[in-house]
1. Let me cross-check ARG214: its accessible surface, 1.4 Å probe, with only protein heavy atoms counted, in Å² to the nearest 10?
2. How many nm separate the modelled label positions at LYS136 and LEU241, each set 7 Å beyond the Cα in the direction of the Cβ?
3. Measure up LYS74/LYS172; LYS74/LYS195; LYS172/LYS195; LYS77/LYS161; LYS161/LYS219; LYS136/LYS219 against 31 Å on the Cα-Cα distance and list the ones that go over.
4. Given a cut-off of under 8 Å on Cα pairs at least six residues apart, what relative contact order in percent is computed for region 141-295?
5. Could you pull out the trypsin sites (Lys or Arg not before Pro) across region 54-103 that fall in loop regions by DSSP (anything but H, G, I, E, B) with no more than 14 other Cβ atoms inside 10 Å?
6. Shape of region 144-293 from its Cα gyration tensor (a ≥ b ≥ c, root eigenvalues): rounded if a/c is under 1.5, otherwise prolate when a/b > b/c, or oblate?
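The values are calculated or read from the model by the stated rules, or taken from the named source; none is laboratory data. Just so it is clear, the structure is predicted and the values come from calculations on it, not from any experiment. Because the Cβ atoms are built from the backbone with ideal geometry, glycine has one as well, and the counts that use them run over all protein chains shown. Ligands, DNA and RNA are excluded from the accessible area calculation, which covers all protein heavy atoms including side chains. Shrake-Rupley method; radii C 1.70, N 1.55, O 1.52, S 1.80 Å.
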Amino acid sequence: MKLSPLFVLLSLILLIGLSSAAELKVAKVEVRGEINEGTYLTLQHAYDFALRERCDVLFVVLDTPGGLLSSTQKIVKMFLNSEVPVVVYVPSGAMCASAGSIILLSSHIAIMADGTAVGAATPVSVGFGSAEVENKTVNYIAGYVKDIARERGRNEEVAEKFVTQALTLTAKEAFEQGIIDFIANSESEAIKGLKGRSAEVDGKTVTFEFDTYRIIEVKKPLQASIYEIISSPQLAAILLLLGIYLLIFGLTSPGIVPETVGAICLILALAGLGVIGINLLGLLLIVLGVIFLIAELLTPTYGVLGAASVISVVLGLLILFNEPLMPESFYEAFPKFIAGIGVGMGGIMTFMIVKIAQIRKKKSSVGEVVGERGEILEFSNGRGFARVRGEIWKVVSDEELKKGDEVEVIERDGLTLKVRKVETRGGAERGDSEVAKEN
């Protein structure tokens, strides 16, 4: 039987459509520990990867006791405006409290395992603020969380109580009260449970229809790891105090180490506290590294400023570079490349420092002319020229000298030598005999 070309074309299109829909492409990223700027960078990197690789789902494994509100708001904004369906899963034994609860609410599909809990998002007051200020903060965050729940079609009243009453729900209670979509006790069960479900993504309804799935793990970028460390509130406060006191100590006492370490600590603290962004942090570290390098060359400190220069430049390059369109293999090779640059810079700096140290240990040849002898080449009116150690010097003397006289250097003033005549042994013997004859 002869098939028409149109029928064959439609069949091919249908087969291609079925084959593409048969597999669910999942970009998986893990978020563990406190929510901070590093967490946001990790999720932003994973989201960019999911967009670039045309993944069907961004699957976030969440385990957090809470964290910074500013970073949480950035993550929520990204999820609410995401062009890729975001699924947040809280695995067995994990925590999802405070900021984690807000992130869970902002996902397109929220999943929890048995033995987990969600809630307790009441802000904690630090210091001795008035109750009125605290109530304003609670009301603001409660309204914010309630609006997120409304946007995702979740129970607004229960979400609001997470903040106002520090309400905590088990996975079963969260499902029954409309906070999560379903319960799954493993990642594979959570992904399989997506089949047939729908989500409103970027104004369009997306339905998950698949037979198999493929997970692509997105690794945490190096910038996020660095930022997670410095954005810890405790460490950021320590770095800030350390930087200030080291700068004060360094500027009021001799030495170069305190102010060098203090400058680096202060910049890292400002970044950790959110005063400066990650791009500005990288740029400042590179500029600081260049300043340290110039200072090392002008006033050799035998490696202190040189080492600080290498550390600052390497950190700056690692933090500053953020190109989401590069292939995944590039991000694995780039840190090694930067490490190579650091080793190369360290080698060059070590060579330069050794050479400078050798030069500084050498005694100045100019300073060794005192005590040397030379020969007068020309002399009149107390001034003239002499050859000392093979070099021609300007000389002065209180004695009357003539060409050919042997002289000894007794003092140096810049490039002028003060000399005195050296009496020969023969001349001294003749003088002694003349004195004896007169007697």
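1. Approximately 100 Å² of ARG214 is accessible to the 1.4 Å probe.
2. 2.8 nm
3. Going by Cα-Cα distance, LYS161/LYS219; LYS136/LYS219 fall outside the 31 Å limit.
4. 12 percent.
5. Hits after loop and neighbour filter: ARG54.
6. Prolate, because a/c is 1.5 or more and a/b exceeds b/c.
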